[in-house]
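Presented below is the structure to which this report refers.
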Amino acid sequence: MGGEISMGFEDSYNFNKIEVKWQKQWEKDDLYQVPDYSEKPKYYCLEMFPYPSGKLHMGHVRNYSIGDVVSRYMTMKGYNVLHPMGWDAFGLPAENAAIANGIHPSVWTYDNIASMSKQLKELGISYDWSREIATCHQGYYRWTQWLFLQLFKHGLAYKKKAAVNWCPSCATVLANEQVKEGACERCSSEVEKRELSQWFFKITEYADRLLEDIKLLEGWPEKVKLMQENWIGRSEGAELEFKLSDSEDSISVFTTRPDTVFGVSYLVLAPEHPLVEKLIENKPQAEEIRRFVKKVRNLSEIDRTSTETEKIGYLTGAYCNNPFTGEMIPVLVANYVLLEYGTGCVMGVPAHDQRDFEFAKKYNLPIKIVIQPEGQIIDPLNMNEAFIGEGVMTNSGKFNGIPGVQGIKAVIDFAEEKGIGKGVVNFRLRDWLISRQRYWGAPIPIISCDNCGEVPVPEEALPVELPINVEFKPTGQSPLAECPDFVNTVCPLCGSKAKRETDTMDTFMCSSFYYYRYTSPRDTERVWDKKKVEEWLPVDQYIGGVEHAILHLLYSRFFTKFLYDINLVSNVEPFTNLLTQGMVLKDGAKMSKSKGNVVSPEEIISKYGADTARLFILFAAPPERDLEWSDQGVEGSFRFLSRVWRLVVPLATRFSDRSKPELETLSGANRDMHRLVHQTIKKVTEDIGNRFNFNTALSSIMEMVNGMYQYREIPQDQRDDRVLNEGIEALLLMLSPFAPHMTEEIWELMGRSGSIHSQAWPEYSQEAIQQESVEIVFQIKGKIKDRILVPSGLSAEELKEEVFSRENVKNLIEGAEILKVIAVPGKLINIVTK
RNA sequence: GCGGGCGUGGCGGAAUGGCAGACGCGCUGGACUUAGGAUCCAGUGGGAGUGAUCUCGUGGAGGUUCAAGUCCUCUCGCCCGCACCA
C-alpha cells in the first residue's frame, strides 16, 4: 500500500461536514427542480405525503429513502423525474394540541412543517421543493372546496340523516373505512352509532368501475387489490318480494341463493327496519320487541356485529306469503340482520344456510330441504349443519331437478316474469361519509337557506376561509358553529339570511387529489393545468404504507374516476405501480412510545449521518417486508461507507487518465477485476430497475468493494489503473442514489465536473462479463461428486463430451450403469445410474 | 369463520426448479499497535473424522421430478386484513 496515501484531502469520512455542505449546494443550484416539460421521457415518483406531526419517524425515513433511490436511479437512467413533497396538514392532532397547549392549530401545523421539511432536507432526499404544497393552505383548500362543489353539482355529494359511526373521544363522525374492528382507527375508542344528518359522497355509484378496473392495476400488490375487492364486496343475487298477509305492503329480501326460495320458513327484519314498528303495532308483544330494538341499537358496533354475539329473534306476529309456495311464513326481528346491507331483511332457509340453521334450531322453526346434494340423501331430522353446497333443486315445484347455477337463473327469470322479484347486484361498499364536526379541516362550501335549501357557495366566492379566532372545545359540534361571523351569511340565490355549513371535510378528501396538484402547485386560476396533468399522470411509482390499502387508495381511485368523467384528467387510474413498504420494527414490535422501543432518525443522523441511515434502512430488508432495526447493523453500514471512503479517496486524485481499459489487453487479475465491475453493474441495474431489491443491489456493491480491496493489494506494476479507475467510477455512480452526499463529495475530490447526481447510470458490457471458463457441478443421482472447470459457452452435448473426457469423472462412473445424463449448460451434469 | 402473507445459521437476510446460507451483523483466530471497542486478513449451519472427505440440514408429513427452500397435497405455528354481508 506504500505511497498511496496522498496529501491534501480529508483522510477520514467526515459525514457531518460533507452532508451540510452538499445540502446547501444542491439547494443553491436548484439541482432537483424539474421542468414541466422535457424531451426526456417522464417518470412520476411519489411517496405518500406525511401528516406534519412534528418529527420524522423511521417509517418516514424508510418511505422516503426508497422513493429517493427510485427517483435518483430513474434520473440517471435519463428520465425527467417528478419527485415532489407536501403535507397532509389538516387533521385532529393539531386541534388536540390546540386544546391541550393553547397553540393555534395553524401555528402548530406550520411549525411542524418547518421542522419536518428541515429533517427531510437533512436526509438529502431529492425533492423539488418548489412544488411543495400543504393541504391546510388556502391556496390548496380552495380547490378542495371547489372539487366538493363539482361533486355536488354532479349529484355525488349529498346530505342525509343516517345512523353513522361516532367516535366519542374524537368527538366526530367517521367513515366506514375509518372504523377498524368496531373501534376508531385513530384513537381506538369504541365507535357508537348516532342518528345524524351528514354529508356523503356517492362512491357507491362507482362501485362497479372501482371493482372492474382493479384488473388494470397490474403494478399493484395482489394483497391490496384483494383487500379492495373484498371491501367493495360485489355479490350477485336477487331481490324477492314477499307480500304481507294482512296489509298491502310487501317486504323485499336480498338473497344470493334464490334457488333455495322454496325452503324459506321465515323472514327476519333488522331491528332498525322501518317496517318493524308498523308490524308490531297493537300486537301483544309490541313492548317487548321495542325494548329489544332499543337494546340492539345501543350496542356498540363491536358487540353488534360480532359472530360471537348470540342470535336473538322475536316473532312480530305478522305473516307473509311466500310467492313461490303460497305458504304463510312468520316475520321475525333479529339482532343479526343488518339494516345497511341488502334490503335490511333476509329470508331464512335453515336447510341451506348455517346461520339460519342454528337460528331455526334454537327457535324451533321448520327446516325444509330444497337442494339435494348429488349422491347423498339429507334429512332435516339428522342434519347437524346446513347443506350450503351445490345440488339439485327439490321440493321446488316445477323447478325440481334443476342443478346449481341454472336454478338460480331459472328462479330469477320466473320472478321477473311474474313481477315478484328481479336479479340484482349488491355491494358492501357504502357511501363515503365526509363531514367532520371539527375545526381543523376544509369547511364544506354549502350555505343552508330556509327558502332555497342547501345552496353551494359560488365558485368565485371560494375559498370559504377557516376563521382564525375560534374556541376549540370538542363538544360534538363543529367549533365553527360557535363562530357567528362564520355561520351567518346570506343566501347566494335569494339574498335572505342564511347559515353556513359548519362541518369540515374528512382529510382523506384533501389527499385524494394532491398528486394532481403537484403538477400545478401555484396555479390560482384553476385546480390544475390539464396539459400538465396529462404530461405527468398517472403516477408511475407510488410508495407508502399498506395501512392505506383501502382508505386513501380507494378514495383516490374514486376521485380519479370522477375527475375523468368531468374531463379534468385523462387517466382512469391514478397510480400505475404501487409499492407498499413494510413496517420498521424494533425487538420484533412496531416502534411506539408506549413500548419505549423508538429509535429517532435525528439521533441516527447526528451519530452516523444521513447516508448511513439511508443505507442501513435499504440494506436491512427488501422494501415490502418488515424491517428489524439493529443498532449494530447501522454500525455496519457506517463501516461500509467508511470503507468505501478509505478505498477510494486515496486513489481519487491519482488518475488523470480516464480512458477505459481495453478488454483485449486485460488478463489475469486485471481481467477478473474488470469482469467483476461489469457483473456488478449488471446485477445492481437489474436489482434496482426490475425489482426494487435494494438490499441485494447493495450486497453486490459490497462484494465489488471487497474485490477492489483485494485488487489494490496487487503490486502497482502488475495492475491496470484504468481498471481500478473504471471500478471506482462505477462504484460511486451506483452508490450515489443510496449515499448521495458522500459520493458527491468524492466525485468532487476526483476533480470531476458537474454533480454526480446529473450523471448517466453506468452501462455494462456483455463481453466484459463473459467468463473464459465456468465451474460445472458434477452429480450422480443428484448428489454432488465433483466440480469441474470447463470452457464457457459449451452446448449440452459439448458439455457432456468435455466432462466425460475427464479422468476423475471416468473414475467416478466406473462400472456404473448409466441410465440417463442430464446436462444443463453453464450449470451442471447429473448422471442417473441404476 | 373467510381471505392473504410468512416460517431458511446465533441474528437481519440471499438463492430464473440446478452448488442452500450471497452480503451484512455477531463470534473466533491472526496481523498492525503503547493500546484497540479503529483498521486489515482469515475462519464461522449441525454432527463425525488428524485428513482429503462423509453425513444430516430450509416448521412438520407426504408427493411430483434426474434434481425441491422453490412446484402440488395435507398439517402446525406466527403475522396482517375482513368479519353475522344473507
Worksheet, complete the sentence: Listed by chain and number, the residues whose amide H is under 5 Å from that of A:Trp220, excluding neighbours fewer than 5 places away on the same chain and using placed H, are A:Leu578
Worksheet entry | Violating pairs (Cα-Cα greater than 26 angstrom) within the set A:Lys180/A:Lys595; A:Lys311/A:Lys368; A:Lys160/A:Lys530; A:Lys682/A:Lys783; A:Lys202/A:Lys499; A:Lys800/A:Lys834 | A:Lys160/A:Lys530; A:Lys682/A:Lys783
Fill in: Cα-centre dipole for chain A with unit charges at Cβ (Lys and Arg positive, Asp and Glu negative), debye to 20
820
Worksheet item: From the square roots a ≥ b ≥ c of the eigenvalues of the alpha-carbon gyration tensor of chain A, which class results: rounded (a/c under 1.5), prolate (a/b over b/c), or oblate?
Response: oblate
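Select from the range A:731-830 those GluC sites (Glu not before Pro) which occupy a DSSP coil region and have at most 10 other Cβ atoms within 10 Å, ordered by residue number.
A:Glu763, A:Glu814, A:Glu817
Over the range A:235-426, what relative contact order in percent results from Cα pairs under 8 Å that are six or more residues apart?
Values: 370 pairs, mean separation 54.3, N = 192.
Answer for the range A:235-426 is 28 percent.
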Practice prompt. Scan around A:Lys785 for amide H atoms under 5 Å from its own, H built in the peptide plane at 1.01 Å from N, and keep only partners 5 or more places away or cross-chain.
Written response: A:Phe778, A:Gln779, A:Ile780
Worksheet item: So what is the relative contact order of chain A, in percent, for Cα pairs below 8 Å that sit 6 or more residues apart?
Response: 14
Fill in: Span from the the range A:659-714 Cα centroid across to the the range A:473-497 one, whole angstrom
68
Worksheet entry | DSSP bridge pairs, chain A: antiparallel proportion in percent, nearest 5 | 75
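Normalised by the number of residues in the range A:773-833, what is the relative contact order in percent for Cα pairs under 8 Å and 6+ residues apart?
Details: 96 pairs, mean separation 25.5, N = 61.
Relative CO of the range A:773-833 lands at 42 percent.
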Discussion item. Could you derive backbone 3J(HN,Hα) for the range A:281-296 from the dihedral phi with the Karplus parameters 6.51, -1.76 and 1.60 (θ = phi - 60°), listing whole Hz in sequence and x where the residue is Gly or Pro?
Written reply: 3, 6, 8, x, 8, 3, 4, 4, 5, 4, 5, 4, 4, 4, 4, 5
Item to complete: Taking H placed 1.01 Å from N in the peptide plane, check which residues at least 5 places from A:Val455 or on another chain put their amide H under 5 Å from its amide H.
Response: A:Ile447, A:Ser448, A:Cys449
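Does the range A:630-769 classify as rounded, prolate or oblate by the C-alpha gyration tensor (a ≥ b ≥ c root eigenvalues; a/c under 1.5 gives rounded; else a/b over b/c gives prolate, otherwise oblate)?
On the way: a/c = 1.41, a/b = 1.27, b/c = 1.11.
Rounded is the answer for the range A:630-769, as its axis ratio a/c remains below 1.5.
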Discussion item. Quick check on packing: order A:231-241, A:588-598, A:43-53 by the mean number of other C-beta atoms within 10 Å, highest mean leading.
Written reply: A:43-53, A:231-241, A:588-598
Worksheet item: Hey, if we sort A:Lys362, A:Lys783 by accessible area with the 1.4 Å probe, largest down, what's the order?
Response: A:Lys783, A:Lys362
Worksheet item: Is the range A:773-833 rounded, prolate or oblate when judged by the Cα gyration tensor, a ≥ b ≥ c being the square roots of its eigenvalues, rounded requiring a/c under 1.5 and prolate requiring a/b larger than b/c?
Response: prolate
Fill in: Vicinal HN-Hα couplings computed from phi for the range A:743-751 (Karplus, 6.51 cos²θ - 1.76 cosθ + 1.60; Hz; Gly/Pro x)
5, 5, 5, 5, 4, 5, 4, 6, x
Worksheet item: Helix A:58-76 versus the longest principal axis of chain A: what is the Cα-based angle in degrees, 0 to 90, to the nearest 10?
Response: 60
Discussion item. Give me a comma-separated list of calculated 3J(HN,Hα) values for the range A:553-564, in order, Karplus coefficients 6.51, -1.76, 1.60 applied at θ = phi - 60°, integers in Hz, x for any Gly or Pro.
Written reply: 6, 6, 4, 5, 5, 4, 4, 4, 5, 5, 4, 5
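Check each of the GluC sites (Glu not before Pro) in the range A:113-197 and keep only those in coil by DSSP with at most 12 other C-beta atoms within 10 angstrom; list them in order. Spell out each step's value before the answer.
On the way: sites: A:Glu122, A:Glu132, A:Glu177, A:Glu181, A:Glu185, A:Glu190, A:Glu192, A:Glu195; in loops: A:Glu132, A:Glu181, A:Glu185.
Answer in residue order: A:Glu181.
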Worksheet item: Can you pull out the GluC sites (Glu not before Pro) in the range A:260-289 that DSSP calls coil and that have at most 15 other Cβ atoms within 10 Å?
Response: A:Glu281
Worksheet item: Full extension from A:Ile566 to A:Gln285: what is 0.36 nm times the residue separation minus their Cα-Cα distance, to one decimal in nm?
Response: 95.8 nm
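The values are calculated or read from the model by the stated rules, or taken from the named source; none is laboratory data. As the structure is a computational prediction, the values presented were derived from the model and not from experiment. No Cβ is skipped: glycine too gets one built from the backbone with ideal geometry, and neighbour counts run over all protein chains shown. These accessible areas exclude ligands, DNA and RNA; they are computed on the full protein's heavy atoms, side chains included. Shrake-Rupley method; radii C 1.70, N 1.55, O 1.52, S 1.80 Å.
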